[in-house]
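Read-outs: derived from the displayed coordinates by stated rules, not from any lab. Note that the structure is a prediction, hence the values are computed from the model and not measured. Using ideal geometry, Cβ is built from the backbone for each residue, glycine included, and neighbour counts are taken over all protein chains shown.
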Amino acid sequence: MLASHVGPAAQPERSQGGCFTLVAAGRRRLGDSTLRIVLSNIGTFGDINPLIAIALELKRRGHVPVIAVPALFEAKIAPLGLEFHAVRPDIDPTNTMLVEMIYDVRKGTERGLREFLFPALRRTYDDLLDAATLPERADLLLLGELNYAGPLVAEVTGIRWASYVLAPLSFFSAFDPPLLPMYPRLARADKTVPGLGRAMNRLARFVSRKWPQPIYDLRRELGLPKGRNPLFDAKHSPELVLALFSRALGTEQKDWPKHTRITGFCYYDADAGNAGLPRHLEEFLGAGPAPVVFTLGSAAVLAAGEFYEVSAQAAIRLGARAVLLIGADARNRLEQELPDSICVAEYAPYSGLFPRAALVVHQGGVGTTAQCLRAGKPMLIMPFSHDQPDNARRMRRLQVARVIEREDYTPVKVAQTLKAMLAEPKFARRAEQAARLLQQEDGVGSACDALEELFAKTRKTD
C-alpha cells in the first residue's frame, strides 16, 4: 500500500472578504497508508456512475473515497458506505424543462453552461472546497470536466488532481475530429478536406469564446491569473487525465493532453447495490426469444417526446418482442393498449438486461453505449446532442450499429431498419468481437492504479 503525505500542508481559511488564504495544516502520521481522495463531477447518472465504480474499488483497496456530487445522488451513494458531500447546483429530476433545454441541438451546450452551471459556480467552488478540506485535507482530487470549479479548488489549496473524460469528443482532437451536433455536415468532410479538424477546433473556440467569463471572474476574485481556456484546456489535469472509455471508442491522438491514460470503461449501474431486474421483466425475458430493448438512458428519457409510442408501433409492425424502459416521467406512459409481446418497465440495470437482448435501440450516451458493447449486442442509435452523435458515428464505424436521426424516427423506418439489422449476421458478429476486446480491459482497476501512482509521485515530491 501507499504511504500518505507527511509534513505541513497548505489548507484554505476563509477571510473576512469571502476569499481564502493558505494556512498550515498537519498531515497524517508517517506510515499511514490511507489515501483520502475526493471524486467530483456534476451531471447525470451517466457522469456519476463511473465515479461510484472507482470509489468502490478505492475503498476495497483500503483508501477513503469522498464523492462530492449533487444532492440528488446521495440516496444512491450513501447505502454503499461511501462518504458523501453535496455539491451545488443540485439537479431536480422532475425538471423536464431543464433537460429539454440542455438537449437542444443548437443551443443546448451553451445554455446548460451559461444558464445552469455557471450561475452556481461560486457555490460549487465553496462546496467542493469544503469537501476537499473538511474535516481533513484530501490527498488527491479526481474531477470531471463539468465541475469547472474543481481546477480552481486544486489551484487554491495546492492539492494534486487528476481529471477524467468519458468520451473522445471531450478532447476535440484535430486528428480525430468530433461530430459537432450543431454542425453535422462538417463531419462528412473531415476525412477528405485537409486541415478541417484544426478548423473545427478553432471554430468551436471562437463560438464559445464568451461563455467562460464567469470562470475568469471567479479566478480574479480569488486572486488567480486568468489561466488557460476552461472549456478546452484548463479542465484537463497537467499530471493525469483518465480517458474512461474503451479503445473500441477511441485511441490516443497526438494533440491529446499529456499524461492521458485510456483505462477502459468503468461500469456501475446497480441501484443502491441492487443489480436485479424487476420481477415482471424477469418473467417476460424467460417466456420467449430475446427482445429488442428501447431505452433513452438517464437524461434523454426526460425529453423523450414520442420515442416510446413510435418504438412500440415499430415493434408491433416488426412482430418482435420488445422491452420499453420508460423511466419515471409520467409523460412516457403509453396510453395505447400493448400486446403481450411488449414489456414496459421504468428502470432495469443494463448489465442485467442487455446480455439477454437481441438488439438495443438507444440515444448514444456513452454509458449506454458502453453497456451495449460489453454485452456484445448490436445497436440502433437515435442521438440527441452533446457527445451522442459522435459516439453514434464511432459505433457505426465499428460496424456494430446503425444510426437514425430523430426526425427520421418513424414506425416504418425503425421497423425496416431493425428488420435489416436482425437479418444481417455481421452486426451480431462485430458486436461479439467488440465484447471480446472489452473483456481484455479493466477500466476501474486501471484508473485506480493510475491514481495510486499519482499519489506516489506526490509523496516523493513533498
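As a length-normalised measure over Cα pairs under 8 Å and 6 or more apart, the relative contact order of the chain settles at 16 percent. Just need log10 I(q)/I(0) for the chain at q = 0.08 Å⁻¹, Debye formula, equal scatterers on the alpha-carbon atoms, no solvent, rounded to two decimals. Values returned for q = 0.08 Å⁻¹ are -0.47.
Based on the convex hull around the alpha carbon atoms, segment 373-444 presents an average projected area of 5.3 nm². For the listed peptides 140-153, 414-427, a ranking on the average number of other beta carbons within 10 Å per residue, highest first, reads 140-153, 414-427. Taking amide H positions as modeled 1.01 Å from N, with prolines and chain starts lacking one, the residues under 5 Å from ILE262 and 5 or more places away or on another chain are ALA243. Taking a 31 Å limit on the Cα-Cα distance, which of the listed pairs LYS76/LYS426; LYS76/LYS457; LYS76/LYS254; LYS59/LYS235 fall beyond it? The answer is LYS76/LYS426; LYS76/LYS457; LYS76/LYS254.
Based on the mean of other beta carbon atoms within 10 Å per residue, what is the order of 236-243, 96-103, 202-209, most packed first?
Result, highest mean Cβ count within 10 Å first: 236-243, 96-103, 202-209.
Phi-derived couplings, Karplus 6.51 cos²θ - 1.76 cosθ + 1.60 at θ = phi - 60°, listed residue by residue for segment 196-212: 5, x, 5, 5, 5, 5, 5, 4, 4, 5, 5, 4, 9, 4, 8, 4, x Hz, with x used for Gly and Pro. Within the chain, DSSP assigns beta bridges of which about 15% are antiparallel (rounded to the nearest 5).
Using C-alpha pairs under 8 Å with a sequence gap of at least 6, the mean separation divided by the residue count of segment 347-395 gives a relative contact order of 39 percent. Placing +1 on each Lys and Arg Cβ and -1 on each Asp and Glu Cβ, with no other charges, gives the chain a dipole about its Cα centre of roughly 1560 debye. Kirkwood hydrodynamic radius computed over segment 279-439 comes to 15.4 Å, based on all pairs of distinct alpha carbons.
The 3J(HN,Hα) values that the Karplus relation (6.51, -1.76, 1.60; θ = phi - 60°) gives for segment 392-408 are, in residue order, 4, 4, 5, 5, 5, 4, 6, 6, 10, 8, 10, 10, 10, 6, 4, 6, 9 Hz. Gly and Pro appear as x. For segment 354-367, the Karplus equation 6.51 cos²θ - 1.76 cosθ + 1.60, evaluated at θ = phi - 60°, returns couplings of 4, x, 9, 9, 8, 6, 10, 9, 8, 8, x, x, 5, x Hz by residue, with Gly and Pro reported as x. When +1 charges are put on Lys and Arg Cβ atoms and -1 charges on Asp and Glu Cβ atoms, the dipole computed for segment 382-434 relative to its Cα centre reaches about 240 debye. Under a 5 Å amide H cut-off, with hydrogens placed 1.01 Å from N, VAL323 pairs with VAL292, VAL293, PHE294, CYS343 among residues at least 5 apart or on other chains.
Normalised by 2.2 N^0.38 Å, where N counts its residues, the alpha-carbon radius of gyration of segment 243-301 equals 1.72. As a length-normalised measure over Cα pairs under 8 Å and 6 or more apart, the relative contact order of segment 279-439 settles at 23 percent.
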